[in-house]
Amino acid sequence: MSPVTTAPTVDVHLETDWARRSLIADVRRGLGNRPLRIPPQWLYDERGSELFDLITRLPEYYATEAERSILQQQAATIAELTDADTIIELGSGTSDKTHTLLRAFTSTGQLRRFIPFDVSEATLREAATTLARDYPGLLVHGVVGDFHQHLTHLPSDGVPMVAFLGSTIGNLDHEERQAFLSVLFDQLGSGAWLLLGVDLVKPVDRLVDAYHDPQGITAEFIRNVLHVLNRELHADFDVESFDHVAMWDPLHERMDLRLRANGDHLVHVRDAELEVEVLDGEEIHVEISTKFRISTISTEIDHAGFQVRQVWTDPPGDVALLLAARP
Ligand SMILES: C[S@@+](CC[C@H](N)C(=O)[O-])C[C@H]1O[C@@H](n2cnc3c(N)ncnc32)[C@H](O)[C@@H]1O
């Protein structure tokens with residue numbers, strides 16, 4: 001008998017106005033102080049997720065295809081090493097690369113459940129529907145939430161493997177990474193696994209090209225956060241008057257993505273009851289993308305209590321995939 005397709009469930013565990021209250025709090029904190037700042041999770045409304053998807057297909061953006069190639073090579077080994085019956089994907093987005101893992105884990109018959117977790121509800125719902133259709137018999141249980149706040153909503157039964165791909169961990173600074181990894185460690189029971197994808201340090205010109213594509217897709221993606229504020233909080237940013245700036249920060253070994261004001265602006269964010277004077281040339285910090293060395297990210301993972309068991313890189317050494325056990 002062929003397995004039956006199970007409709008996906010998507011839990012929005014959060015209080016109904018969580019996202020809005022969180023956005024208002026972030027905007028008050030971020031635009032009420034200097035330097036000006038908007039946290040990167042607000043980039044990902046429906047349009048932001050679409051733009052990110054376009055970025056992953058740009059010739060300058062090597063990271064997605066490099067990570068996919070490692071997954072294709074190693075998925076069967078990962079399934080065998082972990083023997084996991086649940087995959088939890090944090091910051092899952094469209095879960096595009098995850099098919100490689102799902103195919104390997106379902107072909108051994110070991111996988112019971114897939115739990116995509118993302119802050120972007122529309123993208124999560126669409127991905128969960130596609131996955132439930134593509135993997136009949138697999139329980140697809142999406143969770144909408146913020147991985148800085150809601151990891152405790154993750155189920156901890158069975159043998160889970162948490163996949164955190166696309167170097168999304170690089171969007172967190174050192175303190176945020178430590179806090180995130182510690183909470184994740186506490187949430188997962190003994191015997192769980194962590195599969196972490198990271199982008200590696202490489203020549204600066206390649207990095208700058210990857211975040212400053214000539215088609216302007218990355219610029220549109222970063223500017224999209226101002227559209228989100230205009231729409232969600234009735235702000236009046238003149239979006240096109242902000243230039244996308246992508247620079248390398250050698251001290252922290254990370255790309256730093258900002259929006260630089262052309263001219264003076266007096267911006268009102270009505271629903272946050274905030275008025276912000278942005279001066280000509282002043283920058284709003286939107287996203288960082290840390291580039292790692294295998295030794296330093298392994299140390300960070302170890303510090304949180306995990307034990308790194310395997311590290312794979314693509315042949316040019318652009319990205320790495322680390323598999324760690326939760327003892
Ligand atoms: C860089 S994209 C990576 C997408 C996909 N994992 C990949 O490898 O291509 C980051 C994803 O994480 C999600 N995200 C960003 N910040 C988040 C947060 N604080 N909590 C939950 N999801 C978040 C975004 O909505 C987006 O889907």
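The values are calculated or read from the model by the stated rules, or taken from the named source; none is laboratory data. Model, not experiment: these values are computed from the prediction. Backbone-built Cβ (ideal geometry, glycine too); neighbour counts: all protein chains shown.
A few remarks follow.
- On the stretch given as the stretch 196-217, residues that are surrounded by 14 or more Cβ atoms within 10 Å (Cβ to Cβ) and assigned to a helix (DSSP H, G or I) total 5.
- Residues that are of a type in the set (A, V, I, L, M), more than 15 Å from the ligand (Cβ to nearest atom) and in contact (Cβ under 8 Å) with a residue 40 or more places away in the chain within the stretch 60-113 comprise Ile78, Leu81, Ala84, listed in sequence order.
- Matching residues, the stretch 155-193, being closer than 26 Å to Asp318 by Cα and β-branched (Val, Ile, Thr): Val162, Thr168, Ile169
Matching residues to (1) modelled with pLDDT of 95 or more; (2) surrounded by 20 or more Cβ atoms within 10 Å (Cβ to Cβ):
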{"residue": "Gln74", "(1), (2)": "yes, no"}
{"residue": "Leu81", "(1), (2)": "yes, no"}
{"residue": "Leu90", "(1), (2)": "yes, yes"}
{"residue": "Ala104", "(1), (2)": "yes, yes"}
{"residue": "Gly109", "(1), (2)": "yes, no"}
{"residue": "Arg113", "(1), (2)": "yes, no"}
{"residue": "Pro116", "(1), (2)": "yes, yes"}
{"residue": "Ser120", "(1), (2)": "no, yes"}
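- Selection within the stretch 222-232 - surrounded by fewer than 20 Cβ atoms within 10 Å (Cβ to Cβ) and either under 14 Å from Leu36 (Cα atoms) or more than 21 Å from the chain's Cα centre (by Cα) (or both): Asn230, Arg231, Glu232
- Listed by first and then second residue, the pairs with beta-carbon distance under 7 Å, at least 6 apart or on different chains, first residue in the stretch 146-157 and closer than 17 Å to Asn171 by Cα, second near the ligand (Cβ under 8 Å from one of its atoms), are Asp146/Gln41; Asp146/Val119; Phe147/Leu90; Phe147/Gly91; Phe147/Phe117.
- Subset of the stretch 123-148 [loosely packed, with under 15 Cβ neighbours inside 10 Å and either within 13 Å of the ligand (Cβ to nearest atom) or within 14 Å of the chain's Cα centre (by Cα) (or both)]: none
- With a requirement of 2 or more residues that are surrounded by fewer than 19 Cβ atoms within 10 Å (Cβ to Cβ), the strands (runs of 3 or more DSSP E) lying completely within the stretch 235-327 that satisfy it span 242-249, 254-261, 265-269, 274-278, 283-290, 307-313.
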